[in-house]
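Peer 1: Below is one structure. I have some questions about it.
The values are calculated or read from the model by the stated rules, or taken from the named source; none is laboratory data. Predicted, not measured: the structure shown is a model, and the values here were computed from it. Backbone-built Cβ (ideal geometry, glycine too); neighbour counts: all protein chains shown.
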Amino acid sequence: MSGHGTPIPMISRKCGPLRGVADVPGDKSISHRSLILGAMAVGETRISGLLMGEDVLDTAKAMRAFGAEVIDRGDGNWSVHGVGVGGFAEPEQVIDCGNSGTGVRLIMGSMATCRITATFTGDASLNGRPMGRVTDPLALFGTQAFGRTGGRLPMTIVGAADPVPVRYVVPVPSAQVKSAVLLAGLNAPGQTVVIEKEATRDHTERMLAGFGAQITVEDTDEGRVITLTGQPELKPQNIVVPRDPSSAAFPVCAALIIEGSDVLVPNIGLNPTRAGLFATLREMGADLTYENERIEGGEPVADLRARFSPDMKGIDVPPARAASMIDEYPVLSVVAAFASGQTVMKGVRELRVKESDRIDAMAKGLRAAGVTVDEGDDWWTVTGLGHGNVTGGITAASVLDHRIAMSFMVLGMATNKPVSVDDGSPIATSFPIFEPLMASLGAQIVRANH
Ligand code: S3P
């Protein structure tokens, strides 16, 4: 769990070309879901390639607390002996989800229609994030939530004793909210319907179908209508977790801005609900190619090849693409600083309620590094200085946010003066091998006290 240990200040210095193969870890979203749905199936689910990040390990612990047997077999291979839909036991202790919004929101959904009570907490970042977006729809099932002011953690959830199915239009583009409602719907009789106006990552829908649930998805004038039939018996699965496009973003973006770089990032999922960053970079003029394109486990996958791209131009990122790259705006803003012209990012209000206010965190650091950033409630722009012209020489606050810490480390690889972060420890939540992996490519990131 991040934010509870000693801060780890890190410095990133201008480096020579990045070269080699970047084997990034498993997908965080899919890892959480594998453990949770494995715990709700009857029998043994085997998972390979699970992300061994703190967020996911906290979810594994939570599933044990709810009664599932979760076994780490080494090398990213895990077994989950599930207790069946509605079979969760009441945890004896408070469930600590660390830094993970996905973890806590999906787990709340999964227990919300069981006759049990559980109390959730997290680190300072998670305890500041809004939970009403999940507890409001859960209340429709009959679930009660008692949290702090503003719907914040710590929070006690009393599961609905006699849940009723719901029909819910998700008011914000959030896969976490959608997924919480679907997971709660699993133990409600009849059909639960979730409607999203903008498509968000669809891993829950795909995985529910894989586990044998009856689920349909229809594109209508109202939006994406997802209908789930409750109280199925979920069949255990063998799940191979693909590598995380959100982690791939860091070596890819670093390679684009560092002279002479040529990096291959193999086996990256290009599910259209996740691949918005790569389309955006290509529109900016990035030398980013998809090699060996194929379908694996029903998902489009490719090896990404990123080469130094000195002539990238700022663009208007289509707001409709926001959900498919929501976690990648921080590192995109770093690339935008090295492009020429303005990059405009609109329709991104959700960035303000992530592990940190990501617009604020990036704007402060980029401005200090000499880059012009303008912002409003749901938009921001970065005016690029072109390759070789970004000063750096700053210490940025990582505000308990892994993606902010990694974005500033990427910035420092190409600025004229080093870039530091006050605390790189949150990186372990999603990308525990970030430092050795980037070092193997040629990056110069050191812990400040070494
Ligand atoms: C996630 C959904 C997104 C994303 C998060 C992972 C998921 O959050 O930012 O990192 O796995 O469902 P929102 O649901 O808040 O958009």
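Peer 1: Inside region 223-242, can you point out the residues that are modelled with pLDDT of 95 or more and not aliphatic (A, V, I, L, M)?
Peer 2: 223, 224, 227, 229, 230, 231, 232, 233, 235, 236, 237, 238, listed by residue number.
Peer 1: Being more than 16 Å from the ligand (Cβ to nearest atom) and crowded, with 24+ Cβ neighbours inside 10 Å is the requirement here; does residue 40 meet it?
Peer 2: On the way: more than 16 Å from the ligand (Cβ to nearest atom): yes; crowded, with 24+ Cβ neighbours inside 10 Å: yes.
It is true that residue 40 is more than 16 Å from the ligand (Cβ to nearest atom) and crowded, with 24+ Cβ neighbours inside 10 Å.
Peer 1: Residue by residue through region 300-353, note down the ones that are among the basic types (Lys, Arg), touching a Gly at 6+ places or on another chain (Cβ under 6 Å) and within 15 Å of the ligand (Cβ to nearest atom). Talk me through it step by step, then tell me what you get.
Peer 2: Going residue by residue through region 300-353, those that are among the basic types (Lys, Arg) are 305, 307, 313, 321, 346, 349, 352.
Right, trim to touching a Gly at 6+ places or on another chain (Cβ under 6 Å) and you get 313, 321.
The answer is 321, and nothing else.
Peer 1: Can I ask one more? Filtering region 174-190 down to residues that are out of contact with any strand residue (DSSP E or B) (no Cβ under 7 Å at 6 or more places or on another chain) and near the ligand (Cβ under 8 Å from one of its atoms), which residue is nearest to residue 229 (Cα to Cα)?
Peer 2: That would be 179.
Peer 1: Let me ask something else. Would you pick out the residues in region 280-298 that are surrounded by 17 or more Cβ atoms within 10 Å (Cβ to Cβ) and either assigned to a helix (DSSP H, G or I) or within 16 Å of the ligand (Cβ to nearest atom) (or both)?
Peer 2: 280, 281
Peer 1: Applying the selection to region 204-228, what residues are surrounded by 14 or more Cβ atoms within 10 Å (Cβ to Cβ) and either assigned to a strand (DSSP E or B) or in contact with a Lys or Arg (Cβ under 8 Å, 6 or more places away or on another chain) (or both)? Reasoning before the result, please.
Peer 2: Filtering region 204-228 for residues surrounded by 14 or more Cβ atoms within 10 Å (Cβ to Cβ) gives 204-213, 215, 217, 223-228.
The answer is 204, 207, 211, 212, 215, 217, 223, 224, 225, 226, 227, 228.
Peer 1: Looking for whichever is under 21 Å from residue 422 (Cα atoms) and among the aliphatic types (A, V, I, L, M) here; the options are 326, 394. Which one fits? It would help to see each step written out before you state the result.
Peer 2: Numbers: 326 fails: under 21 Å from residue 422 (Cα atoms).
Going through 326, 394 in turn, the sole match is 394.
Peer 1: Look at residue 118 and say whether it is in contact with a Gly (Cβ under 6 Å, 6 or more places away or on another chain) and either farther than 19 Å from residue 173 by Cα or of a type in the set (A, V, I, L, M, F, W, C) (or both). Quick ask: steps written out before the conclusion?
Peer 2: Details: in contact with a Gly (Cβ under 6 Å, 6 or more places away or on another chain): no; either farther than 19 Å from residue 173 by Cα or of a type in the set (A, V, I, L, M, F, W, C) (or both): yes.
So residue 118 fails the test.
Peer 1: If you take the residues of region 323-349 that are small (Gly, Ala, Ser) and in contact (Cβ under 8 Å) with a residue 40 or more places away in the chain, which of them is surrounded by the most Cβ atoms within 10 Å (Cβ to Cβ)?
Peer 2: If we filter region 323-349 for residues that are small (Gly, Ala, Ser), which is where we start, we get 323-324, 333, 336-337, 339-341, 347.
Checking which are in contact (Cβ under 8 Å) with a residue 40 or more places away in the chain leaves us with 323-324, 333, 336-337, 339-341.
Working: 323: 21, 324: 24, 333: 25, 336: 31, 337: 27, 339: 28, 340: 17, 341: 15.
Selected residue: 336.
Peer 1: A further question on this structure: Answer with yes or no whether residue 12 is crowded, with 23+ Cβ neighbours inside 10 Å and within 23 Å of residue 407 (Cα to Cα).
Peer 2: Details: crowded, with 23+ Cβ neighbours inside 10 Å: yes; within 23 Å of residue 407 (Cα to Cα): yes.
In short, yes.
Peer 1: Something else now. When you look at residue 70, is it farther than 20 Å from residue 160 by Cβ, in contact with a Ser or Thr (Cβ under 7 Å, 6 or more places away or on another chain) and either assigned to a helix (DSSP H, G or I) or not basic (Lys, Arg) (or both), yes or no? Lay out the reasoning, then the answer.
Peer 2: Working: farther than 20 Å from residue 160 by Cβ: yes; in contact with a Ser or Thr (Cβ under 7 Å, 6 or more places away or on another chain): no; either assigned to a helix (DSSP H, G or I) or not basic (Lys, Arg) (or both): yes.
So residue 70 does not fit the description; no.
Peer 1: Quick check on region 157-169. Is at least one of its residues within 16 Å of the ligand (Cβ to nearest atom) and either under 23 Å from residue 348 (Cβ atoms) or assigned to a loop (DSSP other than H, G, I, E, B) (or both)?
Peer 2: Initially, region 157-169 is screened for residues within 16 Å of the ligand (Cβ to nearest atom), giving 168-169.
Cutting the leftovers down to either under 23 Å from residue 348 (Cβ atoms) or assigned to a loop (DSSP other than H, G, I, E, B) (or both) gives us 169.
The answer is yes; a qualifying residue exists.
Peer 1: Would you mind telling me which numbered condition in (1) hydroxyl-bearing (Ser, Thr, Tyr); (2) in the same structural domain as residue 346 (by TED's automatic domain parsing); (3) over 30 Å from residue 340 (Cβ atoms) residue 220 fails?
Peer 2: So the condition that residue 220 fails would be (2).
Peer 1: Right, another one. Among the residues of region 361-379, which ones are farther than 14 Å from residue 390 by Cβ, within 16 Å of the ligand (Cβ to nearest atom) and in a helix (DSSP H, G or I)? Don't jump to the end; show me each part of the working.
Peer 2: We begin by selecting, within region 361-379, every residue farther than 14 Å from residue 390 by Cβ; these are 361, 363-364, 374-379.
When the remaining residues are screened for being within 16 Å of the ligand (Cβ to nearest atom), the result is 361, 378.
361 - this is the single residue of region 361-379 that is farther than 14 Å from residue 390 by Cβ, within 16 Å of the ligand (Cβ to nearest atom) and in a helix (DSSP H, G or I).
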